[in-house]
Amino acid sequence: MFFDGDHRTRRRKVKLGGRSVVEDRSTVLLKAKQAKEARKRQRMEQEAATVIGAFARSWAAAKSERARVREVWVSRPVGLEARLFSVRQLVFFYEKGSASDALRLCSACEGALESLAASWLDESRCAQEGRLPNLCHLLIARSFELLDGLAELGDAEVAPRAVESVLPFLEACLGLHGGLGPGASAAVSRALSHAVHARGLYASLAKLLACPPSDLPRLELTRLEGFSASVVGKCLGLGLSEAGLADFLTLEGSVFGEGGVLSAVAGPLWEGLVAVASGSPAGAVDGALARRGGGEGAHAAMLNNFLALSRSRGGGMEPGALGSFIGLLDALLAPCLGSGEPGGEGLPQSAETAEVVSILAGDLDMWNALSKSILPGSREEILDGKKLEGTVALVSLLSKLVAHCGDAQPLVVLLTSLAFKVHLLERLWFYASASLDPTSISDQDQDRTADFIVVLCTVHVLRLQIISDREHYQHDGALMGSQDLDGVVVFIKNFVSCLVDGRGLQQEDLEGGDRLGWRDRLCFLKATDHLDKLHEQNGRHRLVSEESFHLEGLKADDAFLREADAGGRAGLVCQRCPYFLPFHDRVRVFRHFLERDREAFYSGLPPQVRMNPFLSAKTVTIRRKYVLEDGYAQLDPLGPGLKAIVRIQFVNELGEDEAGVDGGGLFKDFLESLAATAFDTQYGFFRANPENKLYPNPNSSSVSQDHLNFFRFFGRMVGKAVYEGILVDVPFAEFFLRKIRGKRNDFDDLRFLDQELHGNLCFLRGYEGSVEDLGLCFAVERDDFGRVVVEDLVPGGKDEPVTNATAIRYIHLMADYKLNVQMQRQVTAFMQGLQDLLDPEWLNLFNDSELQSLISGSEKGLDLEDMRRNMAYSGGYDENHPAIKTFWHVVGGFTVEEQQKLLKFVTACSRPPLLGFSFLEPSLCIQRAAGAEGDCSRLPTAATCMNLLKLPPYPTVDEMDEKIRYAINSGSGFDLS
């Protein structure tokens, strides 16, 4: 029927089958896939059930058949043990662990040795078939099974019988004493190969040596041990290497030393272990430990045996074996050191870890020889595949040791030996400069670089602690030159930069979180600590360019300062690696932190004070003759309140108030007077080293009972000066500056305190005679204002003589006492006062020399152009006045020393401000001194509290030059405006 155009003629069809479900194509396909997978799973379950059922039925049938055959064999006529059928029945029903079957097997071996061994080892037959007869092969396998379970049988009769019967059979069939032809030898080799690779022969023999039968007489035990060694030697002679060789490392006692059970096969066993290590050393070690059952000292025992085996060989190693050796050593250490974070859960007891490290450090010659063999000895040496593999493995192993046992004394001894005897630091750098890229994003390259960073930084810091800077870099036999040092700095800097930028690190990531793993955190801290020490050293000696520490493109602009406030990447840089920024940028960051702190301080004050900080000013009265006493009495109680404005009212000797209102100049004058008194060595609070730099007097208690409170006050005054940007010309000793920064001094810093003592200790360090003849003990004498006081360096030190073995310890204890211990109370008090105004993290933006510059100004000469741009004029002077032009002409002809004297004459400090004269408070000013034009009778004078130079209008260059030189060299001419 066709449609005729009228839709009304068609009836609507109604389905009565209920609502239909319309599925899309993807749903249909998904259901089909699920149904197919369900059918496949059901089919696999059915097949597995069939296999399991068949196995269970066959196992039950075999068990039943073995029982039946055993009954037949037991009921046999006596004397038929040696017949072929009887032996075949025995090897079929033999059950390991059955004492009766073990005795039957011993009887069979005796009979086979008498009547069957000769035919089984027939040369022509073996040569024709290429293998031993099946029955001989099976009997050998059952014999090894018997020996493997000998200790567990618990039957006093079995062990002696096995030694008497089974061992001779095996010795004959395996040709342990020779006498076999080529064909038979080849057949025996095949049988041994099967026993080694398929039946775990090495593990069985190791078990037999580790747990021999307890009731076995000594003679039979010695024969059993000799047999085991002979079998091992035979197998290794055939080149049969298998993971079970690692089981021999679990044996207790000196088994590889002279007279040891396996001493005769130490060489082949070593080669076999190296061959195993080329595959999966970790699997071999784990398997040996599992079969041994772990236990107390298992890791240490394996490591000890491995190193003993290494020593027993003598001589060096082939380059191809170096990587395998390190790999196996790494695998032996891995169970003890663990793969997780040091100190984390699941790690072995620390006592065993300490024992392992002691074992390693006990063979320094092996480590020295190993490092020389593996690591490159020059920059030109090419690392081929095998040697590069060994180098990577060695560095990885040392990195693990440092990560897990970094503070262990034996490891320090080991690394020290490597650092000096094989120049490990230089060899590591040759390897890194030729093979590593710190900017690579490859996982393999990052792992290798991280291992290198950990080892290099640890060894370098350790060496810096032991020898002086001069020995390290500045003599003809220096271990590392400045060019190499520059390369090390740049390499580590780039590594840290990539780690920070690649992970988007912030300060909180170093304190926890998932963004940075423990290993990366360790690398970061090692690298930044190392760079920090190198930056300190560079501040003393300028060994490399300061730009080598700077990160390209990083500067303290407004964006950086905002990010530093928020604690982002900039905050991390400021706290962990501030040397990435140039010095002037760090000063800018420091001033930014100061301003933020000042804002926070005033935000806690009443609103009217916040609007006008001068309302919070504290006015104190100071007598000119008692600047120190009055300042201490009135300013020290303010504590952190010194962050507010402090005004000074001076009282002269007549008890009258001096004229003038303190707008900042009088307080500066007070600080200058206080510094001249408090830091004067004649006053007794401070001493001067040979370079006339100051440090706290350890005997300051003799000056005043409140000496520690005075030191706290001195710290507050220095902090106040820095807080206000006032330069104080007080030169502190380098070791004291380091203590201010919260660092600890070491031996090389002793030369800044006592050059004679430093030289004597250096002599002692290299003394080749008997140190005991020098009559030294672990005690030190100090002069307490004419009274000699003896203090122990260690408990009972007066009675403990210094020997050759303890000389290095004595040297470092003496340096530690002189630099850290004896003045600790004074330093702590000074730091408490300083930290009332300055956050310690701010001070750590700088090294020692930079901190001195922050306190006293730049060491560089004057920038006359900057000084001229920021000079103000008053009293009728301007920059175009003839006298001013003459002044700048004369000053331009001064030497650097004379320019510094001029600056000291005007400001009381010979050093210019760190960020230039625009940051000097108050600003420099030249004021016309009273007098007629051309009056040359007066000398220039200065008001240092106002940074004001009062200059008469000298008409000629010669007059100007003569008067200024006279004034700045006379030490007089200071007055108060």
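The values are calculated or read from the model by the stated rules, or taken from the named source; none is laboratory data. Note that the coordinates shown come from a computational prediction; the quantities given were computed from them, not determined experimentally. Glycine gets a Cβ as well: all are built from the backbone with ideal geometry, and neighbour counts include every protein chain shown. Remember, those area values only see protein heavy atoms, side chains included, never the ligands or the DNA or RNA. Shrake-Rupley method; radii C 1.70, N 1.55, O 1.52, S 1.80 Å.
Observations, loosely collected:
- Ordered by solvent-accessible area of protein heavy atoms (1.4 Å probe), largest first, the residues Ser124, Ser440 come out as Ser124, Ser440.
- Region 110-182 and region 448-466: distance between their alpha carbon centers, rounded to Å: 57
- Heavy-atom accessible area for Glu546, with the other protein chains in place and a 1.4 Å probe, reaches approximately 40 Å².
- Region 685-747 and region 634-651: distance between their alpha carbon centers, rounded to Å: 20
- Spin-label proximity, Glu129 to region 173-192 - amide N less than 18 Å from point 7 Å beyond Cα toward beta carbon: 173-175, 180-192
- Among 37-44, 686-693, the order from most to least packed when residues are scored by Cβ within 10 Å on average: 686-693, 37-44
- Straight Cα distances below 27 angstrom link Lys234 to the lysines Lys96, Lys207, with same-chain residues fewer than 8 positions distant left out.
- Ordering of 428-436, 845-853 by packing is 845-853, 428-436, highest average first (other Cβ atoms within 10 Å, averaged per residue).
- Cα→Cβ-extended label distance, 7 Å offset, between Phe601 and Gln409, nm: 4.8
- Per-atom-type breakdown for the chain gives carbon and sulfur 50% of the accessible area (1.4 Å probe, protein chains only).
- Relative contact order (%) - region 842-959, alpha-carbon pairs under 8 angstrom, separation at least six: 28
- Cβ-derived FRET efficiency at R0 60 Å, Ser923 paired with Met366, nearest 0.05: 0.30
- In the chain, the DSSP beta bridges split such that about 50 percent are antiparallel, to the nearest 5.
- Principal axis box of the chain, alpha-carbon based, largest edge first, Å: 146, 128, 53
- Simple label model, 7 Å out from Cα along Cβ direction - Leu638 to Asn760, nm: 4.6
- Whole-Hz ³J(HN,Hα) from phi, Karplus 6.51 cos²θ - 1.76 cosθ + 1.60, for region 200-213, glycine and proline x: x, 4, 4, 5, 5, 5, 5, 5, 5, 6, 6, 10, x, x
- Test item: Cα-centred dipole of the chain, Lys/Arg +1 and Asp/Glu -1 on Cβ, debye: 4940
- Modelled spin labels at Lys31 and Ala559, positioned 7 Å past Cα toward Cβ, are 5.9 nm from each other.
- When the surface is traced with a 1.4 Å probe over the full set of protein chains, Ser310 keeps roughly 20 Å² accessible.
- His812 - accessible surface, heavy atoms, 1.4 Å probe, Å² rounded to 10: 60
- Loop-resident GluC sites (Glu not before Pro) (DSSP state other than H, G, I, E or B) in region 367-469 with no more than 16 further Cβ atoms inside 10 Å of their Cβ: Glu380, Glu381.
- Calculated FRET efficiency for the pair Arg43/Glu23, C-beta based, R₀ 22 Å, to 0.05: 0.25
- The chain, relative contact order in percent, only Cα pairs under 8 angstrom and at least six apart counted: 6
- All aspartates and glutamates inside 16 Å of Lys493 as judged from Cα atoms, apart from same-chain residues fewer than 8 positions distant: Asp437, Asp451, Asp484, Asp501, Asp520, Asp529, Asp532, Glu536, Glu546, Glu547, Glu552
- The value of relative contact order for region 856-914, using C-alpha pairs under 8 Å at least six residues apart, is 56 percent.
- Candidate lysines for bridging to Lys885, where Cα separation is under 19 Å - those fewer than 8 sequence places away on the same chain excluded: Lys950, Lys963
- Taking one quarter of the surface of the convex hull spanned by the alpha-carbon atoms of region 812-957 gives a direction-averaged projected area of 11.9 nm².
- Relative packing of 804-811, 793-800, which averages over residues the other C-beta atoms within 10 Å, highest first: 804-811, 793-800
- Accessible area per residue in Å² at 1.4 Å probe, computed on the chain: 47
- Whole-Å distance, taken between Cα centres, linking region 196-255 and region 407-440: 39
- Region 675-741 shape via C-alpha gyration tensor axes, a/c threshold 1.5: oblate
- Our helix-only sum for the chain, with -39,500 (n - 2.57) per DSSP H run of n ≥ 4 divided by its residues, gives a mean residue ellipticity at 222 nm of -18000 deg cm²/dmol.
- Förster radius 41 Å - calculated FRET efficiency between Ser440 and Val896 (Cβ-Cβ, nearest 0.05): 0.30
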